[in-house]
Amino acid sequence: MTALLGLVDAIGLLAGSFLLALLLQHLRLSWMARRFRPPAGTAVPDAGLPAVLVQVPFYNEAASVEGALASAAALDWPREKLTIQLLDDSTDDTGCILQAAIGRLPPGGPAIDHVRRAHRSGFKAGALAAGLARSVAPMVAILDVDFRAPPDWLRVAVAALLADERAAFVQFRFEFANRDRNWMTRGQQLSVDTHFCAEQAGRAAGREPFQFNGTGAVWRRAAIEDAGGWSADTLAEDLDLTFRAYAAGWHGLLALEPALQGEAPADIGAWRVQQARWSTGFVQVARKALPLIWRAAWPLPAKLGASLLLGLQAGLPCFLLAAGALLLDGGVRGFGPVHGAIATAAAIVAGVSAVAITLPPFKRLRRGGIVRYVATLTTMPALLVFLAIANSGAVMAAPFAARRDFVRTPKTGRK
């Protein structure tokens, strides 16, 4: 029994150490984010602007397609140089609704390409690749169907790309139009604000690899092709393409303004679907990309930071392992001052760090007063514990399993 408890304690110590490493990394990025500066770019006359392809992939999204079409068609770009590509893998009446919406568009707008495939091979990655093959545009913008970009979005993005010839993409911050719907959406907004204003901005400020988030970005076509194109062998095709592009010598740019508007899952079931796909996808990409990272001629901090980014989802089972080891040890040996001290220290470190990481973005984006912040922050532990319990099994199984089906996040189309 003593030897078994020793093994349990060792596992708990390793899991806790990994959680501490993730926490220290986020504190480091939050500190580095203070040095973040938006990418440079100057306005280009319309005659000198390149052609842009805007890709909007979707599957059975009848509630969102009309808004997506209207928003994309309103983008400020020379009409003869803009194509809106609607990548429709739907099996319901979404296509009919979309065709009717296309027919109501006023004349003189951008070209509209409604792409229907006979099958969903490769899911989102397959749709994006199929659409890319139908165009020769050097700039490719990607928008999920529930995302709405401000009219000047392409102007800001392309100016930044033209000013930096080795920039593969420009990722823009996004926020949720329905963020005030309930406690879950408010918690998700705090998480996303922290992701962009602390984690992503910190990596960008330190010239370290940061991720393309799958939507709200404009890519240089040459970088997509140089990285090997879209691949459907993981559930996180966006993260996979990111690291292949970095490994090929490209880099990303981050723009915090203007922000795009999206829709957050407003119930626990939809949120779990989204998070389960992300958890599995991150682990699958880690298995594929870690060798690329450690073979690349990057500085050691960049390699360690990229590895921790890919290992982020491993924090879920590590949380359960660390907590379980402490409870099991206390249950067998009897809870004493040491167990209480460990639990208290962990809670204090986590709480203080959470405030240090999340409060600056909350204040920067003017999300409200201190009462609102505290009320929102207190929802996060419940979300994280639920996520750890719900998704740890998938995270641990992902390295040994084949790619699973792409299950889309349910969306209502309501803001």
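The values are calculated or read from the model by the stated rules, or taken from the named source; none is laboratory data. The model shown is predicted, which means the values in this text are computed figures rather than measured ones. FYI the Cβ positions are ideal-geometry reconstructions off the backbone, even for glycines, and counts take in every protein chain you see.
Within segment 203-228, restricting attention to residues that are aliphatic (A, V, I, L, M) and within 18 Å of Leu87 (Cβ to Cβ), which residue is farthest from the chain's Cα centre (by Cα)? I'd like the intermediate steps shown before the answer.
Taking segment 203-228 first, the residues aliphatic (A, V, I, L, M) are 204-205, 217-218, 222-224, 227.
Subsequent filtering for residues that are within 18 Å of Leu87 (Cβ to Cβ) retains 217-218, 224.
Numbers: Ala217: 11, Val218: 15, Ile224: 18 Å.
Here the residue is Ile224.
Residue check: is Asp113 among the charged types (D, E, K, R), in a strand (DSSP E or B) and closer than 27 Å to Glu225 by Cβ? Spell out the reasoning first.
Numbers: among the charged types (D, E, K, R): yes; in a strand (DSSP E or B): yes; closer than 27 Å to Glu225 by Cβ: yes.
In short, yes.
Can you run down the residue pairs with Cβ atoms below 8 Å, 6 or more apart or on separate chains, where the first is in segment 337-357 and modelled with pLDDT under 95 and part of a helix (DSSP H, G or I) and the partner is surrounded by 12 or more Cβ atoms within 10 Å (Cβ to Cβ) and charged (D, E, K, R)?
Once the first residue is modelled with pLDDT under 95 and part of a helix (DSSP H, G or I) and sits in segment 337-357, its partners that are surrounded by 12 or more Cβ atoms within 10 Å (Cβ to Cβ) and charged (D, E, K, R) give His339/Asp329.
With the structure loaded, tell me whether Ser90 is buried (at least 16 other Cβ atoms within 10 Å of the Cβ), of a type in the set (Gly, Ala, Ser) and modelled with pLDDT under 95 or whether it fails that test.
Values: buried (at least 16 other Cβ atoms within 10 Å of the Cβ): yes; of a type in the set (Gly, Ala, Ser): yes; modelled with pLDDT under 95: yes.
The answer is yes for Ser90.
Here is a check on your reading of the model: is Ala388 touching a residue at least 60 places away in the same chain (Cβ under 8 Å), in a helix (DSSP H, G or I) and in contact with a helix residue (DSSP H, G or I) (Cβ under 6 Å, 6 or more places away or on another chain)? Reasoning before the result, please.
Values: touching a residue at least 60 places away in the same chain (Cβ under 8 Å): yes; in a helix (DSSP H, G or I): yes; in contact with a helix residue (DSSP H, G or I) (Cβ under 6 Å, 6 or more places away or on another chain): yes.
Yes, satisfied.
Do the conditions hold for Leu53, that is, is it at pLDDT 90 or above, under 30 Å from Ser135 (Cα atoms) and either of a type in the set (Ser, Thr, Tyr) or touching an Asp or Glu at 6+ places or on another chain (Cβ under 9 Å) (or both)?
Criteria met by Leu53.
Within segment 66-110, work out how many residues are farther than 30 Å from Pro45 by Cβ and assigned to a loop (DSSP other than H, G, I, E, B).
Number of matching residues: 6.
Being in a helix (DSSP H, G or I) and in contact with a Phe, Trp or Tyr (Cβ under 9 Å, 6 or more places away or on another chain) is the filter here, so list the residues in segment 27-65 that pass it.
Matches in segment 27-65: Asp46, Val65.
Mind checking which residues of segment 125-138 are among the aliphatic types (A, V, I, L, M), surrounded by fewer than 23 Cβ atoms within 10 Å (Cβ to Cβ) and under 22 Å from the mean Cα position of the chain (by Cα)?
Ala129, Leu132
Quick test of your reading of the structure: Asn60 fulfils all but one of (1) more than 20 Å from the chain's Cα centre (by Cα); (2) within 21 Å of Leu260 (Cα to Cα). Name the failing condition by number.
Result: Asn60 fails condition (2) only.
Please work out which one of (1) in contact (Cβ under 8 Å) with a residue 24 or more places away in the chain; (2) part of a helix (DSSP H, G or I); (3) surrounded by fewer than 20 Cβ atoms within 10 Å (Cβ to Cβ) is the condition Gly249 fails and give its number.
Only one criterion in (1) in contact (Cβ under 8 Å) with a residue 24 or more places away in the chain; (2) part of a helix (DSSP H, G or I); (3) surrounded by fewer than 20 Cβ atoms within 10 Å (Cβ to Cβ) is unmet by Gly249, namely (2).
Looking for whichever is under 20 Å from the mean Cα position of the chain (by Cα), on the phi < 0 side of the Ramachandran plot, free of Cβ contacts under 8 Å to residues at least 24 places away in the same chain and in a helix (DSSP H, G or I) here; the options are Leu327, Leu308, Leu290. Which one fits?
Values: Leu327 fails: under 20 Å from the mean Cα position of the chain (by Cα); Leu308 fails: free of Cβ contacts under 8 Å to residues at least 24 places away in the same chain.
Only one candidate passes the filter, namely Leu290.
Somewhere in segment 207-229, is a residue over 20 Å from Leu162 (Cβ atoms), of a type in the set (Ser, Thr, Tyr) and out of contact with any strand residue (DSSP E or B) (no Cβ under 8 Å at 6 or more places or on another chain)?
no
Of the residues that sit in segment 178-205 and are touching a Lys or Arg at 6+ places or on another chain (Cβ under 8 Å) and outside any helix (DSSP H, G or I), which one is farthest from Pro138 (Cα to Cα)?
Ranking the candidates gives Asp180 first.
Which of the residues spanning segment 293-305 are assigned to a loop (DSSP other than H, G, I, E, B), surrounded by 14 or more Cβ atoms within 10 Å (Cβ to Cβ) and of a type outside the set (Gly, Ala, Ser)?
Taking segment 293-305 first, the residues assigned to a loop (DSSP other than H, G, I, E, B) are 296-299.
With the extra rule that they be surrounded by 14 or more Cβ atoms within 10 Å (Cβ to Cβ), the set shrinks to 296, 298.
Correct list: Trp298 only.
Looking only at segment 18-27, count every residue that is buried (at least 18 other Cβ atoms within 10 Å of the Cβ) and either free of Cβ contacts under 8 Å to residues at least 60 places away in the same chain or more than 20 Å from Phe319 (Cβ to Cβ) (or both) and tell me the total.
0
Checking the structure you have, find out if any residue of segment 103-123 is within 22 Å of the chain's Cα centre (by Cα), at pLDDT 95 or above and among the aliphatic types (A, V, I, L, M). Walk me through how you get there before you give the answer.
Quick first cut of segment 103-123, residues within 22 Å of the chain's Cα centre (by Cα) only: 122-123.
Going one step further and asking which of them are at pLDDT 95 or above, we end up with none.
Among the residues of segment 103-123, not one is within 22 Å of the chain's Cα centre (by Cα), at pLDDT 95 or above and among the aliphatic types (A, V, I, L, M), which makes the answer no.
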